[in-house]
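The values are calculated or read from the model by the stated rules, or taken from the named source; none is laboratory data. The structure presented is a predicted model; accordingly, all values stated were derived computationally and were not measured. Quick reminder, even Gly has a Cβ in these numbers, built from the backbone with ideal geometry, and neighbours come from all protein chains shown.
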Amino acid sequence: MKAWEDLVSTALLGTRRRALDPSGLPDAVRAVAREPEDQADAVLTTAALLANYRRAGRQPLTGTRREEPAKPDARPFVPPAARERLARLVHANRPELLEEWLQTAARRGFRVAPEQIPVLADAARARVALRAPLAELAGPVGAWLGERNPDWAFLVTVAEDAGDDAWQYGTPAQRQAWLERALVKEPAAAREALTATWRSEPADLRATFLTLLGGHLTPSDEPFLDAALGDRAAAVRDTAVRLLGSLPETGFGERMAARLRACVTVRQRSQRAGVLVFTPPGADETLVRDGVRVPHGPGQDTARLRAIVAATPLAFWAEFGTPADLVGLLVEGAPLAVVRESWATAAIRQRDEAWAQALVEAEPGSRATAALIGVLPPAKQAATIAKLARGLKIEALTRLILDLPRPWPEELGRVLLDWVAAQQDHRLVAHAAALIAKAVPPACLRHRLAAIPHPGEAAPWRRGVAETLTFRREMHEELS
């Protein structure tokens, strides 16, 4: 390799500035190479000889063995029509639809052809959401490729019968997969493993593992979450606070309720009207131990109050009135927006439908409205959006639609498609309609908007919506 680099350097610098040095050449090349009078000719001749020597002038390797093939995979390949559509999706750069295709195919027990895996793996390198469904679809062949190409290591999944080695020595992705599976099949072993390695985990993995635990919470997890409130990483503390807020009757919630009781009173202005009066909490070391850390400076008292209200069980407010009553009261001692935002955070964490509905009706244009609607059951989600569509301006409604948590229930999908069908041409409507066409559930794909209009009969965005709905319907039919 050194001889070749020297030869390239001589060619780049020119023979007037650097003479050809044959001493570094292999003996076989140096014996054949002649030194013509023209140094440039000598460089080219030597380069030709050395290039051929590098290709064919080596002794054959001995002691080699064939690579072990990938483990067999008995699952059926995707149907031919679905395979052709997959190729079109990859080259059309439609990542949302590609993700849906991969998830649907994996859920229905198919596998992709081996020759399609490399291009899909390259696409998944840039889009993390594609990795898990692709790894499942690729199966043993994908794992075989991932073991040999570090860029595709996410294709190496944890086997169903993998033991503690996957947790102790696996990659972060493999450890995540093991923990997620173990929390379902062996919850006690999963919690024991997590507790044993917790202190040595990097901060980002601690936050990730805590989030995974959040999908399988039980009251017995309270001590572990309580300990995480004192974690040095803010992301871990925030996750612990959020998860504790979703558990009923915790010591954490009782401590927050006790603090809030010292901060809030109701002053009656009349028989029908009252005022919520807040006294900002001061600095408190016990509050810091419960994960509430705010920077010193202006607004720190308000920040503490926000954290306390958001972490207090909403049952605390029952003695003051119903959610509908409370969100309509005047507020003193704290900004009304801060109080409502804190109530919204608590309603989202605790999945409280009554509070979510009351807050949406009180301030439908708030930043938390979309997440609050996600707390409601499917029928109420659809009814609430239908009502807001009649009252909100197009800008606010479009922003709300874009922020709605997914996946959407069928009832909500139909309401949104009906809304699109009733709209006039508008830039923001076109933007929202494109997202709606990609996000509605499969049960909505035969909506009347899926009828593709003839060219010139409708605005281009309407034709795009129809084509997306039709494309997705055909995609699901091919994979059925």
Considering only residues of region 443-460 that are in contact with a Lys or Arg (Cβ under 9 Å, 6 or more places away or on another chain) and not in a loop (DSSP other than H, G, I, E, B), which is nearest to residue 420 (Cα to Cα)? 449
Being surrounded by 20 or more Cβ atoms within 10 Å (Cβ to Cβ) and touching a Leu at 6+ places or on another chain (Cβ under 8 Å) is true for just one of 207, 190. Which residue is that? 190
Answer yes or no as to whether residue 349 is of a type in the set (Lys, Arg), in a helix (DSSP H, G or I) and crowded, with 17+ Cβ neighbours inside 10 Å. yes
What single numbered condition from (1) at pLDDT 90 or above; (2) part of a helix (DSSP H, G or I); (3) farther than 30 Å from residue 244 by Cβ fails to hold for residue 208? (3)
Hits in region 247-276 (condition: part of a helix (DSSP H, G or I) and either charged (D, E, K, R) or modelled with pLDDT under 90 (or both)): 254, 255, 259, 261
Does at least one position in region 413-427 carry a residue that is under 16 Å from residue 461 (Cα atoms), small (Gly, Ala, Ser) and either surrounded by fewer than 18 Cβ atoms within 10 Å (Cβ to Cβ) or at pLDDT below 95 (or both)? yes
Listed by first then second residue, the pairs whose first member lies in region 19-32 and is within 17 Å of residue 55 (Cβ to Cβ), whose partner is surrounded by fewer than 15 Cβ atoms within 10 Å (Cβ to Cβ), with beta carbons under 8 Å and at least 6 positions apart or on separate chains, are 26/57; 28/57; 29/57
By residue number, the members of region 413-442 that are over 11 Å from residue 398 (Cβ atoms), assigned to a loop (DSSP other than H, G, I, E, B) and either in contact with a Ser or Thr (Cβ under 8 Å, 6 or more places away or on another chain) or not aliphatic (A, V, I, L, M) (or both) are 424, 425, 441
Say we look at region 140-166 and pick out the residues that are under 22 Å from the mean Cα position of the chain (by Cα) and either farther than 23 Å from residue 114 by Cα or β-branched (Val, Ile, Thr) (or both); which of these is modelled with the highest pLDDT? 156
Would you check which residues across region 356-399 are within 20 Å of residue 328 (Cβ to Cβ) and either touching a Lys or Arg at 6+ places or on another chain (Cβ under 6 Å) or part of a loop (DSSP other than H, G, I, E, B) (or both) and list them? 363, 364, 365, 366, 367, 368, 375, 376, 392
